[in-house]
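Values quoted throughout were computed directly from the atomic coordinates according to the rules given, and no laboratory measurement underlies them. Quick caveat, the model's predicted, so the values are computed rather than measured. Cβ sites come from the backbone with ideal geometry, for glycine too, and all protein chains shown count toward neighbours.
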Amino acid sequence: MASPQIKHGLEIKFGNEYGPEEERAVLDILHKNAPTSGEACIQFEKDFAAYCGTKYARACSNGTAALFLSMVALDIKPGDRVITTPLTWIATAAAPEVLGAEIDFVDVDPVTYNLDPAKLEDAITPDTRAIIPVHLYGQCCDMDAILEIADRRGVAVVEDSCHALGGEYKGRKAGAMGATGCFSFHEQKNISTLGEGGMVVTNDGDLFERVALYRSHCTRVYGRSTKYCSLDEMRFPMGKRFWWQDFDDTGYNFRMTDIQAAVGVEQLKKLDALNARRIENAAYITNGLKGVKGLRTPTVMEDCKHVFHLYPVMLDPDSLGINKEDFVYRMLHEKGVRIGTHYIPLHWTTAFRNRGYEPGQFPVADSVGERLVTLPINPRQTREALDYLIESIRSL
Ligand SMILES: Cc1ncc(COP(=O)(O)O)c(C=O)c1O
């Protein structure tokens with residue numbers, strides 16, 4: 001017999017929804033021998049930049065690479081300090097850390113769970129080079145406040161927009177407000193490019209050139225195709241009869257393949273519709289959970305378009321009569337519904353305890369770690385699935 005979660009579609013944790021359009025796109029590129037970054041990547045980048053309203057976009061292999069390339073573009077190096085939130089996937093903090101920077105965590109806002117601008121200024125030191133706000137769960141940070149502080153203190157802002165593709169803050173798209181914006185197309189994100197993928201967007205031509213160069217071994221092919229180059233820039237006089245390949249520096253291979261990009265082009269066309277369904281499903285869950293004592297459903301901030309990559313719920317074990325561990329366990333074993341625990345705060349992890357952090361340092365993030373769960377949400381959930389989810393929680 002199908003378990004309740006399979007019956008009600010709640011096993012689906014992926015946001016991606018592929019159809020005949022993606023199938024055709026894959027076959028089309030396959031028939032072109034499935035190249036690495038080529039025409040399809042250029043198209044995806046063009047469409048993506050237009051969607052976000054930025055001048056430039058460069059596709060890469062995943063969101064981690066997008067963050068890392070942004071740090072490389074900013075020349076983050078040993079001795080630098082980078083500020084971020086402890087409530088994020090480890091990639092956000094790992095990107096600057098692996099380049100030798102020290103990470104300074106700043107606690108989150110108790111309503112949105114996003115980096116709290118009120119605590120930001122005190123964390124900035126003369127060595128602080130970048131701030132990486134994370135638009136957690138699909139809702140943008142208070143970017144006016146963050147950008148004002150960052151601009152005044154001369155610190156770059158890199159938006160981790162991996163949760164918030166299509167999200168907006170005061171009419172501006174997530175990712176389009178900072179020095180760069182970073183996206184992931186991992187299988188669980190709001191759109192996917194066959195399980196992995198990433199993008200960096202920016203309005204800054206110099207940063208774009210560095211992202212583009214380091215993504216692909218800092219190579220330029222002079223006097224010939226600029227297939228692997230960021231800009232149509234030929235340093236050598238065009239009249240030269242021969243060409244050679246040079247490398248500006250040692251770089252990386254974080255290219256996206258054309259087959260992924262062709263899928264990305266189709267996924268991007270569906271993004272707003274997929275997000276609209278997430279928003280509708282979130283509203284339905286919020287309404288269905290009204291009046292349940294001990295559950296705090298998400299607050300959507302005025303001026304924000306929250307795209308509900310995840311649906312966070314804060315539990316109050318005292319009035320709910322059940323703690324987080326028991327809630328997660330019983331929902332799975334009694335109701336067949338898998339509940340998420342995004343995220344275990346980074347200062348609790350071995351990686352950052354080994355770097356001097358310890359649990360208890362960031363009270364709001366600590367309480368999220370202890371009490372927040374994420375409910376299943378995706379564009380394919382049926383009314384029946386949503387009702388089953390709501391009823392399961394109510395009956396617990
Ligand atoms: C907030 C955040 N930042 C960065 C990443 C890294 O993206 P990727 O898995 O594509 O490397 C993720 C992925 O889950 C994420 O959730």
Q. What residue among Asn190, Ile42, Asn323 has its Cα farthest toward the positive end of the dipole of the chain, where the charges are +1 on Lys, Arg and -1 on Asp, Glu, each on the Cβ?
A. Ile42
Q) What is the spin-label model distance, in nm, from Arg172 to Arg330 if the labels are put 7 Å beyond Cα along the C-beta direction? A) 4.5
Q) So what is the relative contact order for region 20-265, in percent, with contacts set as C-alpha pairs under 8 Å and at least six apart? A) 26
Q: Return, ordered by residue number, the residues of region 102-116 whose backbone nitrogen is under 14 Å from a label point located 7 Å along Cα→Cβ of Ser367.
A: 107-114
Q: Using only alpha carbon pairs under 8 Å that are at least six residues apart, calculate the relative contact order of region 271-395 and give it in whole percent.
A: 34
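Mind putting a number on the dipole of region 328-396 about its Cα centre? Charges go on the C-beta only, +1 for Lys and Arg and -1 for Asp and Glu, and I need it in Debye to the nearest 20.
140
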Q. For labels at Ala50 and Lys269 in the simple 7 Å Cα→Cβ model, what's the distance in nm?
A. 1.2
Q. For labels at Val292 and Asp387 in the simple 7 Å Cα→Cβ model, what's the distance in nm?
A. 1.7
Q.
If the only charges are +1 at each Lys and Arg Cβ and -1 at each Asp and Glu Cβ, what is the size of the charge dipole of region 271-395 around the Cα centre, to the nearest 20 debye?
A. 220
Q | Charge context of Thr64, other residues only, Cβ under 11 angstrom, K/R +1, D/E -1 | A | -2
Q.
Give me the tail of P(r) for region 250-396 as a percent: Cα-Cα pairs with distance above 19 Å.
A. 63
(Q) Quick check for region 20-265: number of Lys pairs with alpha-carbon distance under 23 Å, counting only pairs 8 or more apart or on different chains? (A) 13
Q: Give the Cα extents of the chain along the principal axes, in whole Å, largest first.
A: 77, 53, 37
